[in-house]
Amino acid sequence: MSETGYLAALLFLSLVAPLLMSLFGPRVAATRTSCMKRVWTAQTLGALAAGIVLTSARVAPYAALFGLVSCIFSTLLLVQQFRAAGSK
């Protein structure tokens, strides 16, 4: 897969956390702020992976894998945080 494919995949993955937040996020302001920090962390890790893809073609597959794993992990933590906020 080329660097363009890796960047396209990372771009689509960067939409997961904000869409989850807008569709299923809590309505309480304090909890929403805490969840937004998790979304921004996921976005930052994805941007870091995309920067590495642009910088080095040799490590691009590993950076894309890092972006994928960080997106999945952040999404799971965000969903867990939604459930905890809903049970309060």
For the chain the mean separation of alpha carbon contacts under 8 Å (6+ apart) over residue count, i.e. relative contact order in percent, is 40 percent
Residue span Ala8 to Leu65: 0.36 nm per residue of separation minus Cα-Cα distance leaves a gain in nm of 19.2 nm
Looks like the chain, by Cα gyration tensor root eigenvalues a ≥ b ≥ c and the a/c under 1.5 rounded cutoff (else prolate when a/b is bigger than b/c, oblate otherwise), is prolate
Going residue by residue through the stretch 31-41, the Karplus relation 6.51 cos²θ - 1.76 cosθ + 1.60 with θ = phi - 60° gives ³J(HN,Hα) values, rounded to whole Hz and with x marking Gly or Pro, of 5, 5, 5, 5, 5, 5, 5, 5, 5, 5, 5
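Only the coordinates and a few stated rules stand behind these numbers; no lab work does. It should be emphasised that the depicted structure is a prediction, and the values quoted were computed from it without experimental measurement.
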